[in-house]
Amino acid sequence: MSTQQKTILITGATDGIGLETAKMLGAMGHDVLLHGRSQSKMEKVERTLSEIMAGGRVESYVADLSRMADVAVLARAVAEKHAKLDVLINNAGVYKTPDPFTPDGLVVRFAVNTIAPYLLTKRLLPLIESSGRVINLSSAAQAPVDPEALAGRVKLADGMAYAQSKLAITMWSRRMAESLKGGGPAIIAVNPGSMLGSKMVKQAYGVAGGDLRIGAEILARATLSDEFADASGKYFDNDAGRFASPHPDALNARKCEEVVREIQAIIAEKGQ
Ligand SMILES: NC(=O)c1ccc[n+]([C@@H]2O[C@H](COP(=O)([O-])OP(=O)(O)OC[C@H]3O[C@@H](n4cnc5c(N)ncnc54)[C@H](OP(=O)(O)O)[C@@H]3O)[C@@H](O)[C@H]2O)c1
């Protein structure tokens, strides 16, 4: 593990695995940039973090990642304060939602779980050196991506929308890693472990779920450990405890390129 102090942005740090990861990295002495969508939750988390920080700084940013304009504002706010970011953890995610579509007409799960992290990563890439890392939250749930659904033209059942959004982030991670090759940070997709006891898992499956620290520990390792330094483009499956093969579509260069093109078209259409 690197002991050097790092600056780490964690999206969705107001609950679940993201919050647990923020606490872990803060207690290790790193600068932690928290992101959340709720101002009141964010303030509470910042207070909790302040008590356990070990020399690093804590900052917070509020943005609704289902809106691409907000994602762009978030990226600008981070870039205004920081010339350099060591690690971006694209952790924010959604499974259950009262309305499957965003006000912009996107499928919420794709917007938050796939497209927002792509846009945020693209905007923050100039801040992240080639020794840095982008950790993208994937899942064991991965299903072939329907481009019509990605574009918001088809409504999917909850579980299917979630699984497609998670394969889609795994696919763009691989494509971006290939296109950066050496000229940018490592882009790594991580399944943090299945059925870990967050509100997402409780709401989606009605079960208490496992220890959130299992997810936080693997994200901390992915952030700091040498074993992830050369892992750009790879998929770490924490259910197996090792790098593993994602869904075959994520190993198909043509399909990955198609998903990336669709994401770019959506972002352009939303004016970003
Ligand atoms: N738990 C598991 O077993 C498991 C397994 C595989 C993958 N994952 C992935 O791990 C990540 C963390 O999930 P979790 O289980 O810790 O769930 P969680 O407790 O529900 O946390 C999700 C986080 O994302 C934020 N978020 C949701 N929608 C947002 C939006 N529109 N804009 C901004 N932020 C938003 C939430 O904010 P609020 O606090 O305001 O709700 C929260 O901070 C997700 O990407 C999930 O898909 C989890």
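The values are calculated or read from the model by the stated rules, or taken from the named source; none is laboratory data. Keep in mind the model is a prediction, meaning the values are calculated, not measured. Heads up, the Cβs are rebuilt from the backbone with ideal geometry, glycines too, and the neighbour counts pull from every protein chain shown. What goes into the accessible areas is simple: the full protein's heavy atoms, side chains included, and nothing from ligands, DNA or RNA. Shrake-Rupley method; radii C 1.70, N 1.55, O 1.52, S 1.80 Å.
Listed values, structure above:
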quantity	calculated
Contour minus Cα-Cα distance for GLU51 and GLU269 (0.36 nm per residue)	74.2 nm
Net charge dipole size for the chain [Lys, Arg +1 and Asp, Glu -1 on Cβ; Debye, nearest 20]	180
Aspartates and glutamates with Cα under 15 Å of LYS81, excluding same-chain neighbours fewer than 8 positions away	ASP31, GLU59
Overall form of the stretch 145-260 per C-alpha gyration tensor (a/c, 1.5; a/b vs b/c)	oblate
Most mobile listed residue (ALA77, ALA111, ALA220) in the chain, GNM with C-alpha springs under 10 Å	ALA77
Accessible heavy-atom area order of TYR205, TYR162, highest first, probe of 1.4 Å	TYR205, TYR162
Residues of the stretch 128-272: accessible area per residue with a 1.4 Å probe, Å²	43
With DNA, RNA and ligands ignored, accessible area of GLU148 (1.4 Å probe; Å², nearest 10)	80
Whole-percent carbon and sulfur share, accessible surface of the chain, 1.4 Å	48
Distance between the stretch 222-272 and the stretch 1-67 - C-alpha centres, whole angstrom	24
Label-to-label distance, nm, for residues given as GLN203 and ALA240 (7 Å Cα→Cβ offset)	3.1
Descending Cα extents along the principal axes, the chain, whole Å	48, 40, 39
Mean separation of Cα contacts under 8 Å, 6 or more apart, over the residue count of the chain: relative contact order %	20
Area accessible to solvent at ASP31, 1.4 Å probe radius, in Å²	20
Choice from ASN90, ASN113, ASN252 with maximal GNM fluctuation in the chain (Cα, 10 Å cutoff)	ASN252
Calculated FRET value between SER40 and ARG153, using beta carbons and R₀ = 25 Å, to 0.05	0.10
Computed [θ] at 222 nm, deg cm²/dmol, the chain (DSSP H ≥ 4; -39,500 (n - 2.57); rounded to nearest 500)	-13000 deg cm²/dmol
Within the chain, percent of DSSP bridges classed antiparallel, to nearest 5	15
Length-normalised contact order of the stretch 81-133 in % [C-alpha pairs under 8 Å, at least 6 apart]	53
